[in-house]
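Chemist: One structure coming up, written as structure tokens, with questions to follow.
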Protein chains: 2
Amino acid sequence: MTHRRAAVIGCGFFSQNHLNAWNDLSERCSIVAVCDIDRAKAEAAARRFGVPKSYTNVDEMLANESLDFVDIATTAPSHLALAEACAAKGVPVIVQKPLAPDWTDARALVAALDRAGLPMMVHENFRFQAPLLRAAELVKSGAIGKVVWGRFSFRTGYDIYAGQPYLAEVERFAILDVGIHVLDVARVFMGEAESVACRTQQVRPGIKGEDHATVLLGHVGGGTSVCEISYASHPEPDPFPFMIFELDGEAGSLRVDAGCKIVWKNASGTHHETAAPEAVAWGSEPWTVVQDSVRATQRHWLDCLDSGAVAATSGHDNLKTFALVEAAYASAASGQIVRPASID
Amino acid sequence: MTHRRAAVIGCGFFSQNHLNAWNDLSERCSIVAVCDIDRAKAEAAARRFGVPKSYTNVDEMLANESLDFVDIATTAPSHLALAEACAAKGVPVIVQKPLAPDWTDARALVAALDRAGLPMMVHENFRFQAPLLRAAELVKSGAIGKVVWGRFSFRTGYDIYAGQPYLAEVERFAILDVGIHVLDVARVFMGEAESVACRTQQVRPGIKGEDHATVLLGHVGGGTSVCEISYASHPEPDPFPFMIFELDGEAGSLRVDAGCKIVWKNASGTHHETAAPEAVAWGSEPWTVVQDSVRATQRHWLDCLDSGAVAATSGHDNLKTFALVEAAYASAASGQIVRPASID
């Protein structure tokens, strides 16, 4: 196990979770620098997490620091340029989702790391949530037989705009912000999708993008799934920040509810289980399931750097999820069923 | 309130509910004859419900009896010929769903009653279930504002084949058998649909039709809904025979769960309610919600005959639901989004 030197770019809202998680993993890596175009944010993060150096300029940081990897935790429009700058210096990157604002940038980013021969991973953390890991394990063990149908739901009334006001201004909103997680989880349980039908809606007045989207996926091999993506719902109870999902298999069904509750039924009976996250010393409810998944995601990245394995959410893997995002927007715009670019 | 003389054609599985419900409505109508091609079934029904006459031949019954209406409770392939025979005698009909095996027959049936200038109604009873009536009332009162999204789910592992073994043999199975109810309820809450994307699956080995179907509807005015239709699921708890659904409105959300439970949330808070059916003396759990709806459906038919009003589930109304069934099958077969014939 190599001890690694790393930097975090972007010290905003969600980055605090990254920094806390790197701190938990301090036996395996040290954050030696942070960078943010907002000097106050960079300095605050450095102080809070005991990081020796803070920067407002990435090139300066890359020139000054010897880094084993960089964690890019900025908003999507900046990812490509930042990743290219790292690649030019031979530095592997872990990049927050969404990988880029669009398909062209996303592919260019992955290609840049490929050309440099460097590993990369997308910080797609939903897969690493404790109940999802456990559900995946159960499915893999054959608990419900071959999975043929799924419903993946993230419908909430949580005020996402309070912490991330820029989300009211983006033209691609709910699918790109959280739908990308939901679509990724659909891929984990259902396999690749070859057809995408999507409808988007703007329910909240005054925002620029869609805050409600419904996606019908046709999977290779015949499976079907539905992804429900909404920041404009008022379910009771509101499962936020949990994603809930249901799977039908040839030999049973499984449901993951809020609170990490899993129930599955097969010929042997009905089984209940709670797949709670590991304790998060810096966490607070209801966020610990997310915070634990951030740490698990980052641990996986370190594991892959150690072993040389390709990350589960590598750039190439994530392009397949990103292709579903693009196909969903294309379907909503055209009113047609769209074949994702990743399938051809 | 006129007292009416009526006959029931078809004395099988579900017809027992019709006969019991007519019995509850005996102040308003009398069943004076029953008819079934299986003499034993016709005679058993006559004995059980104190019906004076039983027939195995419809023409003979129509020639002998003076009838104010006929209740057609046979399987779909026989509906058209039976309805035409009634229409030829000037007798109004209430017809079980599905109205016909296909769109051509369904339109022909409605046209036959139109030509004869006779009222007709489809025995589409889901709409008349107590929790659905109450939810419709709440929505109409503005409890959640304009409805923009819905999920209508009928996923069960109930052994439907035990009571209706012919369902294993039909090529159009789940959508035509129960999906038609689900699509009808979607119309009630969301309005007409102008686009239909559907995927069907055959999960249970050895059956001829689809036992799993998922429909994404685009509604006039921009609403979206998903219909989940499955006899191949194993949810825990299994809501059968309840349909469960969720609605998102511009001012709140509402969910109807198994057990007639309704919860809705809006600016005024969260509200819980149980919309239980009226007592059904001849009923038994978990069927009373369905049995009560059968009686409510039949009561509505008598109300319409009394007032001259067009039934909520008239032939013309039901053709709009039937068009969604056809569009769903067409979409599943073509892999394309289909515009229902009823919209043009």
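The values are calculated or read from the model by the stated rules, or taken from the named source; none is laboratory data. Everything numeric here is computed off the predicted structure, so don't read it as measured data. Because the Cβ atoms are built from the backbone with ideal geometry, glycine has one as well, and the counts that use them run over all protein chains shown. Accessible surface is based on the protein model in full, side chains and every heavy atom, while ligands, DNA and RNA are left aside. Shrake-Rupley method; radii C 1.70, N 1.55, O 1.52, S 1.80 Å.
Chemist: Check whether at least one residue in the stretch B:17-40 is hydroxyl-bearing (Ser, Thr, Tyr) and touching a residue at least 24 places away in the same chain (Cβ under 8 Å), and report yes or no.
Modeler: Yes, the conditions are met somewhere in the stretch B:17-40.
Chemist: Shifting gears a bit: Here are A:Asp24, A:Asp59: which of them is among the charged types (D, E, K, R) and surrounded by 15 or more Cβ atoms within 10 Å (Cβ to Cβ)? Talk me through it step by step, then tell me what you get.
Modeler: Numbers: A:Asp59 fails: surrounded by 15 or more Cβ atoms within 10 Å (Cβ to Cβ).
Criteria check complete, one pass: A:Asp24.
Chemist: Just a yes or no: is a residue in the stretch A:206-226 surrounded by fewer than 18 Cβ atoms within 10 Å (Cβ to Cβ), in contact (Cβ under 8 Å) with a residue 60 or more places away in the chain and more than 9 Å from chain B (Cβ to nearest Cβ)? Explain how you work it out, then say what you get.
Modeler: Here is the first cut: in the stretch A:206-226, the residues surrounded by fewer than 18 Cβ atoms within 10 Å (Cβ to Cβ) are A:206, A:208, A:220-222.
Adding the requirement that they be in contact (Cβ under 8 Å) with a residue 60 or more places away in the chain leaves A:220, A:222.
Applying the additional criterion that residues be more than 9 Å from chain B (Cβ to nearest Cβ) yields A:220.
Yes: the stretch A:206-226 contains one or more residues that are surrounded by fewer than 18 Cβ atoms within 10 Å (Cβ to Cβ), in contact (Cβ under 8 Å) with a residue 60 or more places away in the chain and more than 9 Å from chain B (Cβ to nearest Cβ).
Chemist: Can you say whether B:Phe189 is away from chain A (no Cβ under 12 Å), assigned to a strand (DSSP E or B) and within 29 Å of A:Ala328 (Cα to Cα), as far as the supplied structure shows?
Modeler: No.
Chemist: Is it the case that some residue within the stretch B:278-289 is buried (at least 21 other Cβ atoms within 10 Å of the Cβ) and within 17 Å of the chain's Cα centre (by Cα)?
Modeler: The answer is yes; a qualifying residue exists.
Chemist: Wholly within the stretch B:75-148, which helices (runs of 4 or more DSSP H) include no fewer than the required count, namely at least 2 residues that are assigned by TED's automatic domain parsing to the domain that holds B:Glu246 and open to solvent by 40 Å² or more (accessible area, probe 1.4 Å)?
Modeler: So the answer is B:130-140.
Chemist: Tally the residues that are buried (at least 22 other Cβ atoms within 10 Å of the Cβ) and over 22 Å from A:His300 (Cβ atoms), restricting the search to the stretch A:3-21.
Modeler: Within the stretch A:3-21, residues that are buried (at least 22 other Cβ atoms within 10 Å of the Cβ) and over 22 Å from A:His300 (Cβ atoms) number 1.
Chemist: Can you pull out the strands (runs of 3 or more DSSP E) entirely within the stretch A:230-285 that have at least 1 residues that are within 11 Å of chain B (Cβ to nearest Cβ), touching a Lys or Arg at 6+ places or on another chain (Cβ under 8 Å) and hydroxyl-bearing (Ser, Thr, Tyr)?
Modeler: Counting at least 1 such residues, we get A:252-257.
Chemist: Pairs please, first residue from the stretch B:119-148 and away from chain A (no Cβ under 14 Å), second anywhere and among the basic types (Lys, Arg) and part of a strand (DSSP E or B), Cβ atoms under 8 Å, 6+ apart in sequence or on different chains.
Modeler: Close Cβ pairs satisfying both conditions: B:Pro131/B:Lys261.
Chemist: Out of the residues in the stretch A:321-339 meeting the condition of being among the hydrophobic types (A, V, I, L, M, F, W, C) and in contact with a Ser or Thr (Cβ under 7 Å, 6 or more places away or on another chain), tell me which one is farthest from A:Leu99 (Cα to Cα).
Modeler: Residue satisfying both the conditions and the ranking: A:Ile337.
Chemist: Taking the stated definitions as given, is A:Asp306 within 21 Å of the chain's Cα centre (by Cα), more than 14 Å from chain B (Cβ to nearest Cβ) and assigned to a helix (DSSP H, G or I)? If you could, list the steps in order and put the result at the bottom.
Modeler: Details: within 21 Å of the chain's Cα centre (by Cα): no; more than 14 Å from chain B (Cβ to nearest Cβ): yes; assigned to a helix (DSSP H, G or I): yes.
Criteria not met by A:Asp306.
Chemist: Give me the residue from the stretch A:152-184 that is among the acidic types (Asp, Glu) and without any contact (Cβ under 8 Å) to a residue 60 or more places away in the chain and, out of that set, nearest to the other protein chains (Cβ to nearest Cβ).
Modeler: My answer is A:Asp159.
Chemist: Keeping to the stretch B:35-50, report how many residues are open to solvent by 30 Å² or more (accessible area, probe 1.4 Å), part of a helix (DSSP H, G or I) and not basic (Lys, Arg).
Modeler: Number satisfying all stated conditions: 4.
Chemist: Take the residues in the stretch A:149-183 that are in a loop (DSSP other than H, G, I, E, B) and out of contact with any helix residue (DSSP H, G or I) (no Cβ under 7 Å at 6 or more places or on another chain), then tell me which one is surrounded by the most Cβ atoms within 10 Å (Cβ to Cβ).
Modeler: A:Thr156
Chemist: Only one of (1) within 10 Å of another protein chain (Cβ to nearest Cβ); (2) open to solvent by less than 20 Å² (accessible area, probe 1.4 Å) fails for B:Ser195. Which number is that?
Modeler: Result: B:Ser195 fails condition (2) only.
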